[in-house]
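**Q** Can you keep this structure in mind? I'll have questions shortly.
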């Protein structure tokens, strides 16, 4: 199999973004994360700041209708679409467009959105809680007495966002080629495994 794109989904504080960025640098290809939101903002002619709030509301708002999203995705008519749904569609279009060229894409449901793209290597980065807690405190500046609830809240938000925007469960093993424990392997070894998998084809 010849891969041109790597899509990475990750648990909070597992180092997934750092892994994606360093891997892209090693491969000499671009890495996209928050840039997807910025490109979606351009498509919708709205500010990234406004869309950031809408993106966060996708996971928590009961107004976001999975049924309506599925209907629209299959060619049905849903008018008017809430901003959250417009954003989800715009980000999906951006991701599929970016995947036409070699790149690393981190988050925003790319692993599920590109699951039928045979040129995409799809990986889920996770870690044990002790390593994640340490990273959240040291790297992200979280308070030690709050870090456990933060991990749970962030993972729940990511899982819900993934489900409502792709209709696929976040940790559905069927859509991934690799599940990698960055806490056990370390950041560099995780990068090396992905690099080898991407390059050995």
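**Q** Filter region 12-24 down to the residues that are crowded, with 19+ Cβ neighbours inside 10 Å and farther than 14 Å from residue 134 by Cα and list them by number. Give the steps one after another, and end with the answer.
**A** From region 12-24, those crowded, with 19+ Cβ neighbours inside 10 Å are 12-16, 19-20, 22-24; that's our starting set.
Hits for region 12-24 are 16, 19, 20, 22, 23, 24.
**Q** Is region 166-185 home to any residue that is part of a helix (DSSP H, G or I), touching a residue at least 40 places away in the same chain (Cβ under 8 Å) and farther than 20 Å from residue 107 by Cβ?
**A** The answer is yes, given that some residue of region 166-185 is part of a helix (DSSP H, G or I), touching a residue at least 40 places away in the same chain (Cβ under 8 Å) and farther than 20 Å from residue 107 by Cβ.
**Q** Give just the number: which of (1) modelled with pLDDT under 80; (2) part of a helix (DSSP H, G or I) does residue 96 not satisfy?
**A** The failed condition is (1).
**Q** Among the residues of region 32-40, are any closer than 30 Å to residue 128 by Cβ, touching a strand residue (DSSP E or B) at 6+ places or on another chain (Cβ under 7 Å) and modelled with pLDDT of 90 or more?
**A** Looking through region 32-40, at least one residue is closer than 30 Å to residue 128 by Cβ, touching a strand residue (DSSP E or B) at 6+ places or on another chain (Cβ under 7 Å) and modelled with pLDDT of 90 or more.
**Q** Among the candidates 92, 159, 173, 110, single out the residue that is closer than 30 Å to residue 44 by Cα and touching a strand residue (DSSP E or B) at 6+ places or on another chain (Cβ under 9 Å). Let's see the steps before the verdict.
**A** Values: 92 fails: touching a strand residue (DSSP E or B) at 6+ places or on another chain (Cβ under 9 Å); 159 fails: touching a strand residue (DSSP E or B) at 6+ places or on another chain (Cβ under 9 Å); 173 fails: closer than 30 Å to residue 44 by Cα.
Of the residues listed, the single one that is closer than 30 Å to residue 44 by Cα and touching a strand residue (DSSP E or B) at 6+ places or on another chain (Cβ under 9 Å) is 110.
**Q** Quick one: count up the residues across region 129-155 that are in contact with a helix residue (DSSP H, G or I) (Cβ under 8 Å, 6 or more places away or on another chain) and closer than 30 Å to residue 85 by Cβ.
**A** Filtering region 129-155 for residues in contact with a helix residue (DSSP H, G or I) (Cβ under 8 Å, 6 or more places away or on another chain) gives 129-133, 136-137, 142-144, 147-148, 150-151.
Filter again for closer than 30 Å to residue 85 by Cβ, leaving 150-151.
Result for region 129-155: 2.
**Q** State the number of residues belonging to region 170-194 that are farther than 11 Å from residue 125 by Cβ and touching a helix residue (DSSP H, G or I) at 6+ places or on another chain (Cβ under 6 Å).
**A** So the first thing to find is which residues in region 170-194 are farther than 11 Å from residue 125 by Cβ, and the list is 170-175, 177, 184, 186, 188-189, 192.
Subsequent filtering for residues that are touching a helix residue (DSSP H, G or I) at 6+ places or on another chain (Cβ under 6 Å) retains 170, 175.
The number of residues fulfilling the criteria is 2.
**Q** Which residue, of 57, 117, 53, is assigned to a loop (DSSP other than H, G, I, E, B) and either at pLDDT 80 or above or at negative phi (or both)? Steps first, please.
**A** Working: 57 fails: assigned to a loop (DSSP other than H, G, I, E, B); 53 fails: assigned to a loop (DSSP other than H, G, I, E, B).
Selected residue: 117, the only one of 57, 117, 53 that is assigned to a loop (DSSP other than H, G, I, E, B) and either at pLDDT 80 or above or at negative phi (or both).
The values are calculated or read from the model by the stated rules, or taken from the named source; none is laboratory data. Everything numeric in this text was worked out from a predicted model, so none of it was measured. Positions of Cβ are backbone-derived with ideal geometry, glycine not excepted, and every protein chain shown enters the neighbour counts.
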